Amino acid sequence: MSKKNLDWANIGFSYMVADYRYVSNYKDGKWDDGVITKDSTVTLSEDAGVLHYAQECFEGLKAYETEDGKIVTFRPDLNAKRMVDSAKRLEMPPFPEDRFIKAVEEVVAANKDWVPPYGSGATLYIRPVMFATGNVIGVKPADEYQFRIFVTPVGPYFKGGAKPIVVKISDFDRAAPHGTGNIKAGLNYAMSLHAIVTAHDEGFAENVYLDAESRTYIEETGGANIIFVTKDGGLVVPQSHTDSILPSITRRSIVQVARDILKLNVEERPVKLSEVPEFVEMGLCGTAAVISPVGKINDHGKEIAFASGMEDMGPVIKKLYDTLTGIQMGTVEAPEGWIHTID
């Protein structure tokens, strides 16, 4: 397979312009047929709805090369479904799920030379995005939209192994009760930028957000869901009373791996901040890193240190990480339907 001449292990986690992207436009009540194009630019009217009322949602998934040379993606059907849910919540026309998967296949196949080689630690990041292009000056949904998928190769998220990070309890709120916390909309991330810059300035890797209603329950971080491990090796996954946690595909996969493959006891329930010191491991899970281990939480100067320590992933989180990445890379047998091969 012909590959781009890149130093795959050192390309970092940033945007690189690949050769092709997929674009479909919504006009007069329907999506057009969509095209693969070399044009990486977007032209918008100054009155485009996305610029004024933030009608925008996106997804993130990856393509990998497996040991036997196949190019695969991981559970793209769940990304397609979640993007439909996001679009409906923002009064945007959903892009059909079957077309979403076909578009992913087409854009990855067109950019096959950008898929990093097996064993490099790098992957091809796939970013579907939908936004309002139609003119709208009053506060209402636009009537024209663009759906686009572009790809960019990204290096290993952890260089030299996954070292545990230190996070802080944030004074900011990530999502309102019954708001948009459970959809993947850009507006949810915009409000987190000041909070993450503040956390970084204070020496922390991420914010842990509490529920906005009572500020007693753990929700998620700015860009990842949270998992905990109990003293007896069980998995605890925070849930929200008010549906304000994003349904992470990585988290849902971890839950299934824990329950069905590793035979762990799994609880999905609301988790109070006050009970966190009872857990022995903590991880942040998402597409980019799969699982980032957490060594400590700083709660306004009071430290919660996990028994797993600051040197390595804890044993249960490591087992979850190794199993899930093994499934993705084709070295561990995958549950039916999880691995989608691109011809």
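The values are calculated or read from the model by the stated rules, or taken from the named source; none is laboratory data. Because the structure is a prediction, the values reported are computed rather than measured. Cβ placement follows ideal geometry from the backbone for every residue including glycine, while neighbour counts extend to all protein chains displayed. Each accessible area value is taken on the protein alone, full model and side chains, heavy atoms only, with ligands, DNA and RNA left out. Shrake-Rupley method; radii C 1.70, N 1.55, O 1.52, S 1.80 Å.
Going through segment 177-207 one residue at a time, which ones are among the acidic types (Asp, Glu), surrounded by fewer than 19 Cβ atoms within 10 Å (Cβ to Cβ) and not in a loop (DSSP other than H, G, I, E, B)?
Asp201
Here's a check for you: in segment 94-112, which residue that is open to solvent by 10 Å² or more (accessible area, probe 1.4 Å) and not in a helix (DSSP H, G or I) is nearest to Ala63 (Cα to Cα)?
Pro96
What number of residues within segment 129-174 are part of a loop (DSSP other than H, G, I, E, B), modelled with pLDDT of 95 or more and not basic (Lys, Arg)?
15
Go over the candidates Val237, Val257 one by one and state the one that is part of a strand (DSSP E or B), surrounded by 15 or more Cβ atoms within 10 Å (Cβ to Cβ) and at pLDDT 95 or above.
Matching residue, one of Val237, Val257: Val237.
Of the residues Val139, Val104, which is of a type in the set (Val, Ile, Thr) and farther than 22 Å from Gly69 by Cα?
Working: Val104 fails: farther than 22 Å from Gly69 by Cα.
Answer to the selection: Val139.
Can you name the condition, by its number, that Pro141 falls short on among (1) open to solvent by 30 Å² or more (accessible area, probe 1.4 Å); (2) closer than 30 Å to Gly330 by Cβ?
Among (1) open to solvent by 30 Å² or more (accessible area, probe 1.4 Å); (2) closer than 30 Å to Gly330 by Cβ, the lone unmet condition for Pro141 is (2).
Exactly one of these conditions fails for Glu65: (1) buried (at least 21 other Cβ atoms within 10 Å of the Cβ); (2) under 30 Å from Asp243 (Cα atoms). Give me its number.
Looking at each condition in turn, Glu65 falls short on (2).
Among (1) surrounded by fewer than 19 Cβ atoms within 10 Å (Cβ to Cβ); (2) closer than 30 Å to Glu336 by Cβ; (3) touching a residue at least 40 places away in the same chain (Cβ under 8 Å), there is one condition Gly12 misses while meeting the rest; what is its number?
Gly12 satisfies all of (1) surrounded by fewer than 19 Cβ atoms within 10 Å (Cβ to Cβ); (2) closer than 30 Å to Glu336 by Cβ; (3) touching a residue at least 40 places away in the same chain (Cβ under 8 Å) except (2).
Which of (1) in a loop (DSSP other than H, G, I, E, B); (2) open to solvent by less than 60 Å² (accessible area, probe 1.4 Å); (3) of a type in the set (A, V, I, L, M) does Val23 not meet, given it meets every other one?
(1)
When only residues in segment 208-229 that are among the β-branched types (Val, Ile, Thr) and open to solvent by less than 10 Å² (accessible area, probe 1.4 Å) count, which is farthest from Glu59 (Cα to Cα)?
Filtering segment 208-229 for residues that are among the β-branched types (Val, Ile, Thr) and open to solvent by less than 10 Å² (accessible area, probe 1.4 Å), the one farthest from Glu59 (Cα to Cα) comes out as Val229.
Kindly list the number of the only condition in (1) without any contact (Cβ under 8 Å) to a residue 60 or more places away in the chain; (2) out of contact with any helix residue (DSSP H, G or I) (no Cβ under 6 Å at 6 or more places or on another chain); (3) assigned to a helix (DSSP H, G or I) that fails for Ala80.
The number of the failed condition is (2).
How about segment 114-134: which of its residues are surrounded by fewer than 23 Cβ atoms within 10 Å (Cβ to Cβ) and within 17 Å of Pro76 (Cα to Cα)?
Those that are surrounded by fewer than 23 Cβ atoms within 10 Å (Cβ to Cβ) and within 17 Å of Pro76 (Cα to Cα): Tyr125, Arg127, Val129.
Does Arg269 qualify as being among the charged types (D, E, K, R) and within 18 Å of Lys62 (Cα to Cα)?
So Arg269 fails the test.
Taking segment 69-93 only, how many residues are closer than 14 Å to Val115 by Cβ and either modelled with pLDDT under 95 or open to solvent by 60 Å² or more (accessible area, probe 1.4 Å) (or both)?
Counting residues in segment 69-93 that are closer than 14 Å to Val115 by Cβ and either modelled with pLDDT under 95 or open to solvent by 60 Å² or more (accessible area, probe 1.4 Å) (or both) gives 2.
Quick check on my filter: what residues within segment 122-144 are in contact with a Ser or Thr (Cβ under 6 Å, 6 or more places away or on another chain) and not polar (S, T, N, Q)?
Matches in segment 122-144: Tyr125, Glu144.
Quickly run through segment 302-338 and pick out the residues that are open to solvent by 50 Å² or more (accessible area, probe 1.4 Å) and either of a type in the set (Phe, Trp, Tyr) or in a strand (DSSP E or B) (or both).
Within segment 302-338, Lys302, Glu303, Ala305, Tyr321 qualify.
Quick one: would you say Val129 is in contact (Cβ under 8 Å) with a residue 40 or more places away in the chain and under 20 Å from the mean Cα position of the chain (by Cα)?
Values: in contact (Cβ under 8 Å) with a residue 40 or more places away in the chain: yes; under 20 Å from the mean Cα position of the chain (by Cα): yes.
Yes; evaluated as a whole, the condition is true for this residue.
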